[in-house]
Structures are given as structure tokens and as C-alpha cells.
1. Between residue 33 and residue 47, 0.36 nm times their residue separation minus their Cα-Cα distance comes to what?
2. Tell me, what does the Kirkwood hydrodynamic radius of the range 1-73 come to in angstroms if you use every pair of distinct C-alpha atoms?
3. Which of the lysines could be linked to residue 62 by a straight reach, that is with a Cα gap under 20 Å, when you skip same-chain ones fewer than 8 residues away?
4. Can you return the lysines within cross-link range of residue 22? Criterion is Cα-Cα under 16 Å, with same-chain partners fewer than 8 residues away left out.
5. Compute the FRET efficiency between residue 61 and residue 19 as 1/(1 + (r/R0)^6), taking r as their Cβ-Cβ distance and R0 = 41 Å, and round to the nearest 0.05.
6. Rounded to the nearest Å, what's the spacing between the alpha carbon centres of the range 1-23 and the range 41-105? Just the number, please.
7. How would you classify the range 40-91 from its alpha-carbon gyration tensor, with a ≥ b ≥ c the square roots of the eigenvalues: rounded for a/c under 1.5, else prolate if a/b is greater than b/c, otherwise oblate?
8. Relative contact order of the chain, please, whole-number percent, based on alpha carbon pairs below 8 angstrom and at least 6 residues apart.
Amino acid sequence: MKRLKTWGKRTFFEYEDSDSSKINIYYGADLKWKVELFKKDYEKLIKEFEGKTVPIGTSLDKPPTGSVGEWIIKNLRTSQIAYILGAILVEDGYATKKGSEIIFK
């Protein structure tokens with residue numbers, strides 16, 4: 001289990017690769033909320049934004065057009081977790097952070 005700070009560095013979350021098909025993410029007060037992210041969806045996100053610089057889009061209901069947050073809302077059946085996925089993408093080496101933008105490699 002890895003423990004990281006969220007995109008805005010205000011809170012922590014934990015995540016783990018439970019098996020070869022998904023990533024379990026625990027967040028919120030006392031890490032009581034859980035999201036299962038399928039690795040195939042994580043890989044689609046990386047492919048979609050490869051080589052691009054885009055807003056991270058952490059707004060829960062109105063992320064900027066073209067942002068990671070907008071992509072999550074349109075493509076994943078999960079909570080709007082751009083503030084968590086951005087941190088994981090940086091930790092995993094797929095992107096870097098520049099203010100409110102994420103730069104994909």
C-alpha cells in the first residue's frame with residue numbers, strides 16, 4: 001500500500017495494486033471511501049493524454065474542457081477522482097505537475 005498526498009497536497013490517500021486488473025484507492029476521512037480503478041481504464045487515460053499538457057480539472061461537477069477531470073466524468077464509472085489520479089500518474093512516472101496542469105510524457 002502506498003500513501004500519497006492528493007494533487008493539492010491537502011490530504012492523503014492510499015492505493016494498492018490488488019491484482020493485475022485493478023488498483024484499489026482509499027480516500028476521505030479515515031480512508032473510509034474506496035474506488036476500484038480498472039488498469040485498462042488507467043491505461044486508456046494515459047494513452048488519451050500521452051504527450052499533452054492539460055488542466056488536471058479537480059472540480060467535482062464542472063472540470064475544464066479537455067481536462068483529466070472531464071475525461072474521468074465522461075469515461076469512468078467512478079467518483080471524480082482527478083485530484084487522486086493526478087498524484088498517482090506523477091508517482092508512477094507517467095506525468096509531471098506544473099501548477100494546475102499535468103504534463104504527460
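Here, each number is a calculation from the coordinates, and none is a lab measurement. On a predicted model such as this, the values are computed, not experimentally measured, just so you know. Here Cβ is always computed from backbone atoms with ideal geometry, including for glycine, and neighbour counts include all displayed protein chains.
1. Gain in length upon complete extension: 2.3 nm.
2. Kirkwood hydrodynamic radius for the range 1-73: 13.5 Å.
3. Counting by Cα, and skipping residues close in sequence, residue 62 has these lysines nearby: 74.
4. Partners found: 2, 34, 39, 40, 44.
5. It comes to 0.80.
6. 14
7. rounded
8. With pairs under 8 Å counted, the relative contact order is 22 percent.
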